[in-house]
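Just so it is clear, none of the values below were taken in a lab; they were calculated from the coordinates. If you're wondering where the values come from, they're calculated on a predicted model, not measured in any experiment. FYI the Cβ positions are ideal-geometry reconstructions off the backbone, even for glycines, and counts take in every protein chain you see.
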Amino acid sequence: MRHGRRRITWKGTALVVGAVTAGCALVTYVPQERNVDTPFVVEGEVGETLDLTYADLTVTEVRVADTLTSFSEAAAAGGTFIVVDATWRATQGETIFSGAEITDRQGRRFWPSQRGGCSISASAQPGYAWRTTYCFDVPREALEGATVRLARGDQTEEYAGQRRDAVAVVDLDITASEADELWEAEETVSPEEPGYAPASAGGGEG
Amino acid sequence: MTTLVTPAVPGPDQGTGHGAPPGAAPSLRPGMLPGMIPPDARAPRQRRSWGRRNAVWLVLLPIAIVAAAGASSFRVWAYWWPVGLHHEVDRVAVGQSAHLAGEYYDAFGLDVPERANTTVLREVDATVTGVEQVDELPAPSYGDPVPIPDGSVAYEVRVHFAAELKTDLSGCQIMLVSEEGTRYGESSTDVLGSSNRCSTPDAEGFVSEEPEWDVTSFVLADPGAEITQVRLGFGGPEYVTFDLP
């Protein structure tokens with residue numbers, strides 16, 4: 001055991017200051033969010049089956065409605081409802097698909113509505129395709145260029161549930177002229193109850 | 001003026017002077033001449049290596065890392081381990097009997113009130129007696145008939161159980177596992193809507209009423225899947241595996 005005070009040397013000081021500086025630089029300049037948090041985004045179109053590793057997803061149809069009707073309720077939109085029909089086919093085990101969101105060109109995010117019998121999430125197991133209808137109440141400017149983002153992880157807390165996990169982003173393919181047309185149209189949609197999907201809409205097997 | 005002072009307690013340099021006759025030079029021991037090196041004189045101490053100087057801390061470092069990782073991994077045992085099938089307690093071939101034993105906490109004592117707020121050991125002997133693909137599903141106990149969806153195949157799984165009376169069977173999972181590891185029928189509710197898969201259809205509660213009984217459960221799967229295992233559990237973490245031939 002050594003006794004007495006240790007000498008402070010230039011070498012030792014430089015080592016400590018250098019290590020702290022290097023640590024700060026690492027934390028500041030290495031893009032942690034990009035490496036740690038970014039989901040694996042799978043982009044696609046309406047009608048295309050997307051492989052999200054844990055499930056195959058197909059957005060089968062996109063409609064617009066002023067009014068949603070169901071067994072117990074008729075719901076009028078504040079703006080207009082974008083009605084997204086999707087089919088999930090789980091590939092690993094029983095899975096809850098919690099994430100559903102529409103993003104417009106300005107980056108505004110719209111979360112699904114439970115009104116009119118629409119779903120805000122889905123749950124399915126491997127072995128079958130499960131059909132779900134999501135409805136989003138959006139303003140007029142949100143229609144053009146909107147995309148829908150679907151995943152098993154939810155989008156709360158800045159997509160915390162989707163970190164390092166696969167996420168589908170499907171372009172709804174609404175152009176400016178179509179947006180006006182869709183906004184003017186007066187449509188009433190009765191969303192189907194979630195259920196087994198016909199094979200033609202269910203994407204690939206297993 | 002110089003005064004020679006003999007210290008009362010030998011200092012570090014005079015440490016070898018004990019026993020020296022009074023008057024002799026304090027640095028010399030008996031039998032030593034000036035200039036001689038004492039035979040027990042220590043060689044100038046070499047600076048010990050970094051590893052030797054920090055040996056204690058180097059030993060403590062892995063222990064500290066393990067302690068820190070353990071302290072911050074409470075989510076593993078608090079959230080992940082209790083939910084889901086993680087611990088295979090028995091593995092047999094189809095047709096043989098597997099013993100599933102696992103503890104659970106009964107918070108309510110719904111079927112057996114005296115078990116409320118106690119930890120209960122559940123022990124079940126189970127034998128998978130058959131796994132067969134079927135062309136149609138039987139009528140469910142409640143609700144409309146369920147057709148096999150397009151793009152799916154259905155399997156009938158038959159299981160024979162033996163357990164003490166009033167063994168809790170809620171949360172039962174009977175699942176088929178494919179060669180690729182896909183888990184079909186993982187939910188505790190089966191394709192016919194039964195949420196009491198390990199009980200007979202006419203059972204009134206979630207506890208066993210007979211010492212031995214048979215159940216049939218139906219599972220949807222992908223048409224191309226090669227089923228290699230049946231797993232049985234009650235929410236986990238314990239489960240048993242039955243290998244298909």
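Observations, loosely collected:
- Averaged over the residues of peptide B:222-228, the number of Cβ atoms from other protein chains lying within 10 Å of each residue's Cβ is 3.
- Burial ordering of A:L150, B:L220, B:L60, fewest other beta-carbon atoms within 10 Å first: B:L60, B:L220, A:L150
- Rounded to 10°, Cα long-axis angle of helix B:55-72 versus longest principal axis of chain B: 30
- In the elastic network of chain B, a GNM with C-alpha springs shorter than 10 Å, the most mobile of B:L169, B:L110, B:L85 is B:L110.
- Chymotrypsin sites (Phe, Trp or Tyr not before Pro) lying in DSSP loop within region A:58-97, provided at most 10 other Cβ fall within 10 Å: A:F71
- Chain B: C-alpha gyration tensor shape, a/c 1.5 cut-off, then a/b vs b/c: prolate
- Distant-in-sequence amide contacts of A:S123, defined by a placed amide H-H separation under 5 Å and a gap of 5 or more residues or a different chain, comprise A:F97.
- Selected from B:V83, B:V207, B:V59 as most flexible by GNM, with chain B as the system and alpha-carbon contacts under 10 Å: B:V59
- Max mean-square fluctuation residue, GNM over chain B, Cα-Cα springs under 10 Å, options B:L192, B:L165, B:L58: B:L58
- Applying a DSSP loop filter and a limit of 12 other Cβ atoms within 10 Å to the chymotrypsin sites (Phe, Trp or Tyr not before Pro) in region B:101-164 leaves B:F108, B:Y142.
- Shielding by partners for peptide B:182-188, expressed as the average number of C-beta atoms from other protein chains within 10 Å of each residue's C-beta, is 6.
- Where no second cysteine Cβ lies under 4.7 Å, the cysteines concerned in chain A: A:C24
- Across region B:91-245, the mean sequence separation of Cα contacts (distance under 8 Å, 6 or more residues apart), normalised by length, yields a relative contact order of 27 percent.
- Across peptide A:92-104, the average count of Cβ atoms from other chains found within 10 Å of a residue's Cβ is 2.
- Computed over region A:98-206, relative contact order equals 32 percent, with contacts defined as Cα pairs under 8 Å that lie 6+ residues apart.
- Scaled radius of gyration (Cα, divided by 2.2 N^0.38 Å) that region A:39-201 gives: 0.98
- Exposed trypsin sites (Lys or Arg not before Pro) absent: longest stretch of chain B, with sites in DSSP loops and at most 10 other Cβ within 10 Å deemed exposed: B:48-245
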